[in-house]
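See structure below.
All of the numbers you see were taken from the coordinates with simple rules; none came from a lab. The shown structure was predicted, so the numbers you read here are calculated from the model rather than taken from an experiment. Please note: Cβ atoms are built from the backbone with ideal geometry, for glycine as well, and neighbour counts cover all protein chains shown.
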Amino acid sequence: MKRTEKEGFVEEFRERLQESPAVFLTDFTGLDVKSMTVLRDELKKNGAEYLVVKNRLVLRALQDTELPDLSDWLTGPTGVVLGHSGPVEAAKTVADFAKTHDDRPAFKVGVLENSVLEPTQIEQLAKLPPKDQLLAMLAGALEAPMAALAGALEGKLQEMVGLLKALQEKQEGGGK
């Protein structure tokens, strides 16, 4: 790659890093081209992408950004996962793929909202349900107390109606 091409690539890559809500660095040692292609396809389906970039180009792209310094993890073969649709989907896709490919790629480090994540934290993130399922769970949790309140109020209303009927019958019966 010529110098001008590298500069253009670094600038474009810098923008992609800053736009992505989640960035994970992985070690892809031991993965063949076919496996990498499968991983890329899976990530693409889940709103993420996988790039193999030279470490020094990643370092250049990280300069002049608010992202933390990742130079300690930029050694050896490094693949970059950009989780455009969110951290959970990207982490889950890589973790699920690694389970069937001798634990490769392995997470080196992650960045979520400008905070560094250790590999164990990324693995915990991968165990979370997808975003839409989490939202459904939240909606259910918010709905349950409201339904209980509505049920309690309805019960009291029925009780009040019963008392009024009993009072009315008593007055009708007592007035004759």
Measuring from label point to label point, each 7 Å out along Cα→Cβ, what is the residue 75 to residue 165 span in nm? 8.1
Please go through segment 9-106 and write out the trypsin sites (Lys or Arg not before Pro) that DSSP classes as loop and that have at most 15 other C-beta atoms within 10 Å. 54
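When the convex hull of the C-alpha atoms of segment 54-116 is computed, what volume per residue in Å³ does it have? Could the numbers behind the result be given before it?
Working: hull volume 5.6 nm³, N = 63.
Measuring per residue, one finds 90 Å³ for the Cα hull of segment 54-116.
Percent relative contact order of the chain, based on C-alpha pairs within less than 8 angstrom and at least six residues apart?
26
Are there GluC sites (Glu not before Pro) in segment 1-110 that DSSP marks as loop and that have at most 12 other Cβ atoms within 10 Å, and which are they? Provide the component values of the computation, followed by the final result.
Details: sites: 5, 7, 11, 12, 15, 19, 42, 49, 66, 89; in loops: 66.
Loop-located and lightly packed - 66.
I need the fraction of alpha carbon pairs in the chain separated by more than 23 Å, rounded to a whole percent.
Working: 8256 of 15400 pairs.
Roughly 54 percent, rounded to a whole number.
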Counting only backbone N atoms under 16 Å from a point 7 Å out along Cα-to-Cβ of residue 38, the residues of segment 100-131 in range are 100-106
Bin width 5 Å, alpha-carbon pairs only: give the P(r) of segment 1-59 as whole percents, running from 0 to the bin holding the largest distance. 4, 15, 24, 23, 20, 14, 2
Show that you can apply the helix-only estimate: for the chain, add -39,500 (n - 2.57) for every DSSP H stretch of four or more residues, divide by all residues, and state [θ] at 222 nm to the nearest 500. -19500 deg cm²/dmol
